[in-house]
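Student: Below: one structure in structure tokens.
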Amino acid sequence: MRVLLIEDDRMIGAAMQQALRDAAYAVDWVADGETAIRAAETESYELALLDLGLPKADGREVLGRLRAMGRRLPVIIVTARDGIDDRIDGLDLGGDDYLVKPFEIRELLARMRAVLRREGSGSPTLLSNGKLSLDPATREASFLGTSAPLTAREFALLQALLTRPGMVLSRGELERQIYGWNEEVESNAIEYLIHTIRRKLGATAIRNVRGVGWMVDRSS
Ligand code: CA
């Protein structure tokens with residue numbers, strides 16, 4: 001799940017980036033409005049977190065431009081502006097949710113899950129194909145009666161496959177779902193994650209399509 005984090009405060013941005021990575025999101029962090037708009041034009045994201053007070057183009061302008069692009073991108077406004085007029089304005093401009101700083105990371109994560117759930121693309125309360133299921137709130141997976149907690153990376157990989165059951169995802173597509181811009185990806189990282197997930201859940205939890213990629217079965 002790829003997230004665009006738009007935040008110019010270095011400390012807050014770094015803390016959010018780390019927390020989001022720990023929660024299994026691939027994060028691209030930008031610190032001004034113009035870069036944010038360019039990123040949204042060139043990459044596809046499942047969700048954006050938008051600060052309002054930003055250099056170059058402020059958050060209201062960024063939101064307006066994102067909405068004018070026509071592409072559906074859920075946006076959670078994350079700001080210190082806590083006035084009722086600010087909140088109403090932010091939601092009316094097209095924000096999907098509004099969170100006031102300071103906040104607790106776990107509330108942000110719950111709001112992200114809720115927005116993604118409403119989008120219907122990812123994060124239902126339980127993601128499942130009938131045999132294999134994944135709980136985004138606890139990061140617990142189970143396959144044919146065997147349950148195990150997953151690491152953030154394992155979770156991100158299995159989530160990418162389970163949101164597209166029956167579809168083969170290549171190494172490149174999986175890397176895109178798991179890693180942000182500045183993260184180094186080792187050449188065998190995906191194979192290693194597949195291996196550790198299979199060790200926890202069973203070898204048949206993920207199918208290998210030789211030379212193409214990996215998939216989980218469609219619900220049966
Ligand atoms: Ca700011």
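The values are calculated or read from the model by the stated rules, or taken from the named source; none is laboratory data. Bear in mind the structure is a predicted one, so any value in this text is a computation, not a measurement. Using ideal geometry, Cβ is built from the backbone for each residue, glycine included, and neighbour counts are taken over all protein chains shown. The accessibility values were calculated without ligands, DNA or RNA, using every heavy atom of the protein model including side chains. Shrake-Rupley method; radii C 1.70, N 1.55, O 1.52, S 1.80 Å.
Student: Looking only at residues in region 120-140 that are open to solvent by less than 30 Å² (accessible area, probe 1.4 Å) and within 17 Å of Tyr25 (Cα to Cα), which one is modelled with the highest pLDDT?
Tutor: It comes out as Leu134.
Student: Identify all residues within region 17-46 that are within 13 Å of the ligand (Cβ to nearest atom) and either out of contact with any helix residue (DSSP H, G or I) (no Cβ under 7 Å at 6 or more places or on another chain) or open to solvent by less than 10 Å² (accessible area, probe 1.4 Å) (or both); write none if there are none.
Tutor: Hits for region 17-46 are Val30, Asp32, Gly33, Ala36.
A quick yes/no check of all residues on (1) exposed (fewer than 14 other Cβ atoms within 10 Å of the Cβ); (2) in contact with a strand residue (DSSP E or B) (Cβ under 9 Å, 6 or more places away or on another chain); (3) under 30 Å from Val30 (Cα atoms):
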{"site": "Arg153", "(1), (2), (3)": "no, no, yes"}
{"site": "Val168", "(1), (2), (3)": "no, yes, no"}
{"site": "Arg176", "(1), (2), (3)": "no, yes, yes"}
{"site": "Gly180", "(1), (2), (3)": "no, yes, yes"}
{"site": "Ala189", "(1), (2), (3)": "no, no, yes"}
{"site": "Met215", "(1), (2), (3)": "no, yes, no"}
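Student: Taking Glu184 as the residue in question, decide whether it is out of contact with any Lys or Arg (no Cβ under 8 Å at 6 or more places or on another chain), under 29 Å from Thr42 (Cα atoms) and surrounded by fewer than 11 Cβ atoms within 10 Å (Cβ to Cβ).
Tutor: Considered against the rule, which asks whether it is out of contact with any Lys or Arg (no Cβ under 8 Å at 6 or more places or on another chain), under 29 Å from Thr42 (Cα atoms) and surrounded by fewer than 11 Cβ atoms within 10 Å (Cβ to Cβ), Glu184 comes out as yes.
Conditions (1) open to solvent by less than 10 Å² (accessible area, probe 1.4 Å); (2) within 14 Å of the ligand (Cβ to nearest atom); (3) part of a helix (DSSP H, G or I), marked per residue:
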site: Leu4; (1), (2), (3): yes, no, no
site: Ala15; (1), (2), (3): no, yes, yes
site: Ala48; (1), (2), (3): yes, no, no
site: Leu54; (1), (2), (3): no, yes, no
site: Arg60; (1), (2), (3): no, yes, yes
